[in-house]
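What follows is a single structure, and I will ask about it in a moment.
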Amino acid sequence: MKKLWRRLNRPYLAAKGETDGTGTIHVKPHKKQPRRGITSQEAARRFRAHALEEKGHDDVLRIGLKDSFWSDVYHHALTASWPQFLFSSLCGYLAANLIFAALYELAVSQISSPHPLSLLDLFFFSVQTLSTVGYGVMAPVGPMANAIVSVEVLVGMMVNALATGLVFARFARPRARLMFGRKAVISDENQVSALCIRVANQRRSMIHSMDAEIALSLLRQTPDGHLVREFHPLQLVQAHVPVLRFAFVIAHVIAPDSPLTRHRLAALAEDEAEIIVTVTGTDEATGQAVFARTAYRIDQILINHRFVDMIHSNPTGRIAVDFSRFHDTEAHAPTPE
């Protein structure tokens with residue numbers, strides 16, 4: 001990976017410096033020249049982690065792509081974290097009331113009040129108008145003040161409707177409460193070698209028509225020096241599950257035509273390989289389509305291991321599902337050839 005990183009950075013260094021006859025790059029000194037900031041090991045780790053993490057990646061600089069906030073404000077409002085959403089809503093709420101308070105300041109003589117009005121009074125008058133509360137202590141009495149109040153009432157109705165819809169959409173957005181095992185295992189019990197990944201439903205309601213997909217992701221360098229990802233689908237023993245109530249093991253038989261047979265695990269680790277798992281289904285309670293994904297590095301795959309059984313019967317005769325054992329695995333003796 002270090003070689004890949006150095007080769008990819010040669011055009012950058014060449015643009016900033018000079019090369020001698022041996023091909024060594026000499027960077028021109030500059031007192032304000034920015035540092036690279038991260039090592040090649042850290043860059044490789046971040047590049048690999050981007051297929052594993054579920055959140056956005058603030059350390060990635062997107063060049064040549066304009067992120068227009070106002071043309072996609074709904075998506076930004078849905079995907080922002082709750083602290084960001086609440087803070088942005090509070091800032092917008094305060095800014096709107098301050099703007100209307102400043103407008104009321106221009107027509108302060110046209111607002112009836114039992115005492116002289118300050119900017120703080122006008123701010124709270126704007127809050128009452130925007131929320132259509134109207135306590136009756138202050139009221140517009142002139143044409144200009146009534147015009148500003150009319151505009152603010154219209155803005156308030158639109159803002160309240162949008163805010164209600166956004167909050168509802170954030171709560172109602174479908175989320176799959178699916179849990180994946182921390183480790184994947186390769187078991188060769190019964191003389192059949194298979195890659196096994198365990199998934200569980202954390203809700204009481206079942207997931208109908210669950211479809212699973214597994215792919216082997218490889219980080220490769222093309223002959224012309226470009227860094228690309230290759231995806232090789234892995235055929236599953238059972239890709240469709242009618243009902244997922246508790247837990248299920250997704251299995252891929254490592255047959256002679258499997259990509260895992262053509263590549264040894266050590267070679268896959270050098271290629272920054274990952275096993276990417278995606279699961280889709282329909283939540284029984286809400287009727288909404290749900291989606292979940294995860295990924296496993298090669299060092300997260302245990303060989304000659306199996307998952308510990310998590311379903312058993314208790315003394316009362318009821319079925320007990322022990323989710324505390326969901327991530328547990330145990331080693332088994334390899335099948336003799």
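Nothing in this text is a laboratory measurement; each read-out follows from the coordinates by a stated rule. Note that the structure is predicted; figures quoted are calculated from it, not measured. Note that each Cβ is placed from the backbone with ideal geometry, even for glycine, and that neighbours are counted across all protein chains shown.
Could you run through region 159-190 and say how many residues are touching a helix residue (DSSP H, G or I) at 6+ places or on another chain (Cβ under 8 Å) and either under 15 Å from Tyr93 (Cβ atoms) or part of a helix (DSSP H, G or I) (or both)?
The number of residues fulfilling the criteria is 5.
Here's another thing I want to ask about it. In the set Ala269, Ala215, which member is surrounded by fewer than 18 Cβ atoms within 10 Å (Cβ to Cβ), in contact (Cβ under 8 Å) with a residue 40 or more places away in the chain, under 25 Å from the mean Cα position of the chain (by Cα) and not in a loop (DSSP other than H, G, I, E, B)?
After ruling out the rest, the residue left standing is Ala215.
Now a separate question. Would you mind finding the one in Leu234, Leu268 that is touching a helix residue (DSSP H, G or I) at 6+ places or on another chain (Cβ under 7 Å) and over 20 Å from Asp211 (Cβ atoms)?
On the way: Leu234 fails: over 20 Å from Asp211 (Cβ atoms).
Result: Leu268 is the single residue among Leu234, Leu268 that is touching a helix residue (DSSP H, G or I) at 6+ places or on another chain (Cβ under 7 Å) and over 20 Å from Asp211 (Cβ atoms).
Sort through Ile197, Ile186 and tell me the only one that's over 24 Å from Asn97 (Cβ atoms), among the β-branched types (Val, Ile, Thr) and surrounded by fewer than 19 Cβ atoms within 10 Å (Cβ to Cβ). Break it down stepwise before answering.
On the way: Ile197 fails: surrounded by fewer than 19 Cβ atoms within 10 Å (Cβ to Cβ).
One residue alone meets the criteria, Ile186.
Checking the condition β-branched (Val, Ile, Thr) and under 28 Å from the mean Cα position of the chain (by Cα), which residue from Val249, Val192 passes? Before you say what the answer is, go through the steps one by one.
Details: Val192 fails: under 28 Å from the mean Cα position of the chain (by Cα).
One residue alone meets the criteria, Val249.
If a residue must be farther than 21 Å from Leu178 by Cα and either free of Cβ contacts under 8 Å to residues at least 40 places away in the same chain or not in a strand (DSSP E or B) (or both), how many such residues does region 191-212 contain?
Applying the first criterion (farther than 21 Å from Leu178 by Cα) to region 191-212 yields 191-194.
Going one step further and asking which of them are either free of Cβ contacts under 8 Å to residues at least 40 places away in the same chain or not in a strand (DSSP E or B) (or both), we end up with 191-193.
Residues in region 191-212 being farther than 21 Å from Leu178 by Cα and either free of Cβ contacts under 8 Å to residues at least 40 places away in the same chain or not in a strand (DSSP E or B) (or both): 3 in total.
Suppose we filter Arg293, Arg220, Arg306 for residues that are of a type in the set (Lys, Arg), under 21 Å from the mean Cα position of the chain (by Cα) and part of a strand (DSSP E or B); which single one remains? Reasoning before the result, please.
On the way: Arg220 fails: under 21 Å from the mean Cα position of the chain (by Cα); Arg306 fails: under 21 Å from the mean Cα position of the chain (by Cα).
Going through Arg293, Arg220, Arg306 in turn, the sole match is Arg293.
Of everything in region 145-158, what is closer than 9 Å to Leu130 by Cα and surrounded by 14 or more Cβ atoms within 10 Å (Cβ to Cβ)? Give them in sequence order. Walk me through it before giving the result.
Applying the first criterion (closer than 9 Å to Leu130 by Cα) to region 145-158 yields 149, 152-157.
Residues satisfying the conditions are Val149, Glu152, Val153, Val155, Gly156.
Go through the residues of region 96-115 one by one and say whether even a single one is hydroxyl-bearing (Ser, Thr, Tyr), in contact with a helix residue (DSSP H, G or I) (Cβ under 8 Å, 6 or more places away or on another chain) and part of a loop (DSSP other than H, G, I, E, B).
Going residue by residue through region 96-115, those that are hydroxyl-bearing (Ser, Thr, Tyr) are 104, 109, 112-113.
From the residues that got through so far, the ones that are in contact with a helix residue (DSSP H, G or I) (Cβ under 8 Å, 6 or more places away or on another chain) too are 104, 113.
Cutting the leftovers down to part of a loop (DSSP other than H, G, I, E, B) gives us 113.
Looking through region 96-115, at least one residue is hydroxyl-bearing (Ser, Thr, Tyr), in contact with a helix residue (DSSP H, G or I) (Cβ under 8 Å, 6 or more places away or on another chain) and part of a loop (DSSP other than H, G, I, E, B).
Kindly indicate whether His240 is out of contact with any helix residue (DSSP H, G or I) (no Cβ under 6 Å at 6 or more places or on another chain), in contact (Cβ under 8 Å) with a residue 12 or more places away in the chain and exposed (fewer than 13 other Cβ atoms within 10 Å of the Cβ). I'd like the intermediate steps shown before the answer.
Details: out of contact with any helix residue (DSSP H, G or I) (no Cβ under 6 Å at 6 or more places or on another chain): yes; in contact (Cβ under 8 Å) with a residue 12 or more places away in the chain: yes; exposed (fewer than 13 other Cβ atoms within 10 Å of the Cβ): yes.
Yes.
Looking at Gly156, Gly92, Gly134, can you tell me which residue is under 30 Å from Pro174 (Cβ atoms) and either in a loop (DSSP other than H, G, I, E, B) or not acidic (Asp, Glu) (or both)? Explain how you work it out, then say what you get.
Numbers: Gly156 fails: under 30 Å from Pro174 (Cβ atoms); Gly134 fails: under 30 Å from Pro174 (Cβ atoms).
Exactly one residue qualifies, and that residue is Gly92.
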